[in-house]
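One structure is given here, and the rest of the page talks about it.
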Amino acid sequence: MTILAVDSLKTHFFTRAGVVRAVDGVSFSLGQGEVMGLVGESGSGKSVTGFSILGLVDPPGRVVEGSMLFHGEDLVTMPTREIRALRGSRIAMIFQDPMMTLNPVLRIDTQMIEAILAHEKVSRKEALKRACDGLAQVGIPSPEQRLRNYPHQLSGGMRQRVAIAIAFLNNPDLVIADEPTTALDVTIQAQIVHVAQNLCRERGTALIWITHDLAVVAGLADHIAVMYAGRVVEAGQTDDVIDRPRHPYTVGLLGSVPSANRRGQRLTQIPGMTPNMLSLPEGCAFRDRCTHNDERCKESPEITTDSGGHAIRCFHPQYEKAPA
Amino acid sequence: MTAFIIRRLLQAALVVFLMSVIVFFGVNVIGDPVDMLISPDADQAEIARTIQALGLDRPIGEQYLHFLKGVATGDFGKSFIFGEPALKLILHHMPATVELALVSLLMAILLGIPLGLYAGLYPDRKVSKGIIAGSILGFSLPTFWVGLMLIMLFAVVLGWLPSTGRGDTAVFLGIESSLWTRDGLSHLFLPALNLALTNISLVIRLTRAGVREAMHQDYIKFARAKGLSESRVVSVHLMKNILIPIVTVLGLEFGGLLAFSVVTESIFAWPGMGKLLIDSLLQLDRPVVVAYLMIIVLFFVVINLVVDILYSVLDPRVRLKDQGA
């Protein structure tokens with residue numbers, strides 16, 4: 001069952017220097033309990049996509065086109081009050097930097113209880129109990145004491161666990177995790193991925209995991225969408241995308257990750273720099289950095305999907321598919 | 001925390017002592033009060049008698065020791081002019097100044113914070129730009145001029161409010177104040193507003209800057225992502241974070257309001273401590289000046305202590321501890 005269907009979403013920022021097309025026609029859909037990896041470099045629009053779903057894009061940005069059907073209702077046209085009711089209850093979000101997401105001057109219990117009371121009429125005692133259980137479920141020892149702590153008394157990994165606990169407090173249908181492991185140590189990263197994955201499995205929660213780290217999503221996601229300059233350039237089943245990447249950009253990304261299979265070989269790198277979103281090249285946005293760049297690429301390629309559901313936006317697909 | 005408070009009080013005692021030395025000897029340098037006190041046609045014997053009666057015939061060091069002895073028993077000496085104990089004189093004038101300072105502080109908070117919030121939350125609206133322009137005026141216009149204009153507008157042209165004096169007072173909860181009567185409040189309004197103007201502007205700008213900065217913090221976005229109402233995001237998540245600088249500045253400003261509302265008190269003929277200080281300075285009434293400044297130093301120390309304690313209430317990351325002397 002599809003719970004979220006995003007169709008040609010466009011979120012633009014109207015800055016003084018010009019219009020930044022941070023998200024420029026992104027489409028994907030997500031079934032119940034599915035995990036999607038949204039992968040891309042900084043500035044590729046993956047975080048803005050996440051914030052668009054929650055209706056939390058700060059001015060001067062706004063959603064200018066497209067639809068986002070959540071359980072069949074369009075989040076783009078939904079009144080603010082109804083979106084607010086969905087936030088934190090049906091759709092929750094985990095942020096990148098746990099040092100910044102919790103309010104430094106409020107106790108953990110305050111920040112957890114308010115998340116429950118914003119959506120349900122329960123007693124404080126009941127809410128406190130649920131907050132305590134929530135902390136226990138993300139593996140925080142002695143949760144009763146931790147509830148009375150302030151954020152600065154917890155470590156970064158601990159704070160991210162609290163943020164995850166808050167996200168799952170109201171049993172949402174969808175959790176959007178915006179690079180939740182980027183700011184953490186590698187050992188802690190694995191733990192955080194594990195905690196989030198388990199909670200989603202237990203409760204059948206769908207998860208959008210936004211990251212620039214293909215290695216993280218490879219083991220986590222059911223399918224992957226790779227974004228470049230505000231557009232999805234490749235999408236498909238995780239195995240398909242990781243093992244048989246077809247877009248030159250994805251190939252480049254994967255080539256730059258150290259892997260046990262290619263021991264001793266040089267890592268490749270993608271030439272050039274992340275594009276300036278104010279002056280993208282005509283046609284394919286990746287053209288300037290692509291080794292397959294030719295005349296055709298001056299046209300913008302459409303996204304094409306093969307029979308296996310593997311979609312790419314390129315005139316020069318790599319890795320010809322093995323005949324089925 | 002107890003150790004912290006004790007240490008701060010000891011430091012305060014030292015500061016008060018140093019203050020008394022500086023002022024005591026400083027006033028002595030300015031001029032001879034005898035010249036001001038005695039009529040020009042008094043004869044030599046009379047002058048000598050007066051000098052002796054005031055204790056001014058002894059060496060200055062001895063005079064100071066005598067003064068210190070008195071202070072130990074709560075006696076700050078008698079005013080040269082009024083012949084009354086200096087402390088009694090100051091305490092008599094204090095309620096008028098305190099009520100003026102309190103009301104003007106209240107105005108700064110009640111007007112400054114909401115206006116600053118509005119200007120910070122909706123920076124692009126015309127009203128916000130008006131608020132900011134107004135705050136620049138509030139900063140830069142001199143108090144005495146604004147005071148005169150207020151009198152001109154509200155007392156002379158419109159005739160709504162009285163221009164001078166303290167008005168009727170009444171006793172409530174054992175405190176005699178003009179806060180408890182209509183007439184008193186109407187007298188209080190203009191001088192309090194005049195005194196508050198700079199602080200209202202200051203609070204507006206501090207609040208606005210705080211809001212503008214905090215609004216883009218992740219914790220505000222996270223609070224929204226939890227589905228909290230906008231009013232809770234602003235009143236709890238935002239306010240608690242931006243109150244810290246506001247409390248600091250207001251604490252210091254409150255000390256300033258108590259101690260140096262001289263200009264406003266003079267313009268509105270408000271019978272407060274500021275007016276007493278200016279008169280005493282002009283007449284070289286040393287006991288009053290010294291006692292006044294010692295009390296003011298004490299005020300400042302206490303206010304700073306309260307601000308420090310408020311910090312730890314507002315910001316859990318602050319723990320009160322000795323940072324050495």
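The values are calculated or read from the model by the stated rules, or taken from the named source; none is laboratory data. Please read these numbers as outputs of a predicted model, since none were measured by experiment. When we count neighbours, we look across all protein chains shown, and the Cβ atoms used for this are built from the backbone with ideal geometry, even at glycine.
Conditions tested, residue by residue: (1) more than 14 Å from chain A (Cβ to nearest Cβ); (2) surrounded by fewer than 21 Cβ atoms within 10 Å (Cβ to Cβ); (3) modelled with pLDDT of 85 or more.
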site	(1), (2), (3)
B:Thr207	yes, no, yes
B:Glu213	no, yes, yes
B:Asp285	yes, no, no
B:Val288	yes, no, yes
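Taking the stretch A:170-202 as the range and being in a loop (DSSP other than H, G, I, E, B), in contact (Cβ under 8 Å) with a residue 60 or more places away in the chain and not acidic (Asp, Glu) as the test, the residues that pass are A:Asn170, A:Pro172, A:Pro180, A:Thr182, A:Ala183, A:Leu184. Contact map, the stretch B:120-147: residues that are of a type outside the set (Lys, Arg) paired with residues that are assigned to a loop (DSSP other than H, G, I, E, B), Cβ distance under 6 Å, separation 6+ or inter-chain. Pairs shown: B:Ser128/B:Tyr122. In the stretch A:63-86, the residues that are assigned by TED's automatic domain parsing to the domain that holds A:Leu9 reach residues that are among the aromatic types (Phe, Trp, Tyr) with C-beta atoms within less than 9 angstrom, at least six apart or across chains, in these pairs: A:Met78/A:Phe70; A:Leu86/A:Phe70. Step by step: first the residues of the stretch B:1-39, then only those that are among the polar types (S, T, N, Q) and loosely packed, with under 12 Cβ neighbours inside 10 Å, then the one that is farthest from the chain's Cα centre (by Cα). Which residue is that? Among those residues, the one meeting the criterion is B:Ser39.
This table checks each residue for (1) at the interface with another protein chain (Cβ under 8 Å from one of its Cβ atoms); (2) buried (at least 22 other Cβ atoms within 10 Å of the Cβ); (3) assigned to a loop (DSSP other than H, G, I, E, B).
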position: A:Ser67; (1), (2), (3): no, no, no
position: A:Met78; (1), (2), (3): no, no, yes
position: A:Arg81; (1), (2), (3): no, no, no
position: A:Leu106; (1), (2), (3): yes, no, yes
position: A:Ile116; (1), (2), (3): no, yes, no
position: A:Ala127; (1), (2), (3): no, no, no
position: A:Cys132; (1), (2), (3): no, no, no
position: A:Leu135; (1), (2), (3): no, yes, no
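Yes or no: A:Pro275 surrounded by 12 or more Cβ atoms within 10 Å (Cβ to Cβ) and either touching a helix residue (DSSP H, G or I) at 6+ places or on another chain (Cβ under 8 Å) or modelled with pLDDT of 80 or more (or both)? Here the answer is yes, as A:Pro275 does meet what is asked.
Does any residue of the stretch A:145-163 turn out to be touching a strand residue (DSSP E or B) at 6+ places or on another chain (Cβ under 7 Å), under 22 Å from A:Ile192 (Cβ atoms) and crowded, with 19+ Cβ neighbours inside 10 Å? Yes: one or more hits. Scanning the stretch B:40-64 for residues that are among the aliphatic types (A, V, I, L, M) and in a helix (DSSP H, G or I), which turns out surrounded by the fewest Cβ atoms within 10 Å (Cβ to Cβ)? Going through the qualifying residues, I end up with B:Ala45.
Here B:Phe80 clears all of (1) part of a helix (DSSP H, G or I); (2) surrounded by 18 or more Cβ atoms within 10 Å (Cβ to Cβ) except the condition numbered (1).
Could you check how many residues of the stretch B:231-265 are within 14 Å of chain A (Cβ to nearest Cβ) and either within 24 Å of B:Arg317 (Cα to Cα) or modelled with pLDDT under 85 (or both)? So the answer is 16.
Any residue that is surrounded by 12 or more Cβ atoms within 10 Å (Cβ to Cβ), over 22 Å from B:Leu250 (Cβ atoms) and out of contact with any strand residue (DSSP E or B) (no Cβ under 6 Å at 6 or more places or on another chain) - is there at least one of those in the stretch B:93-114? Looking for residues that are surrounded by 12 or more Cβ atoms within 10 Å (Cβ to Cβ), over 22 Å from B:Leu250 (Cβ atoms) and out of contact with any strand residue (DSSP E or B) (no Cβ under 6 Å at 6 or more places or on another chain), one finds at least one in the stretch B:93-114, hence yes. From the list A:Pro275, A:Pro245, the one residue that fits, being not assigned by TED's automatic domain parsing to the domain that holds A:Asp7 and not in a strand (DSSP E or B), is A:Pro275.
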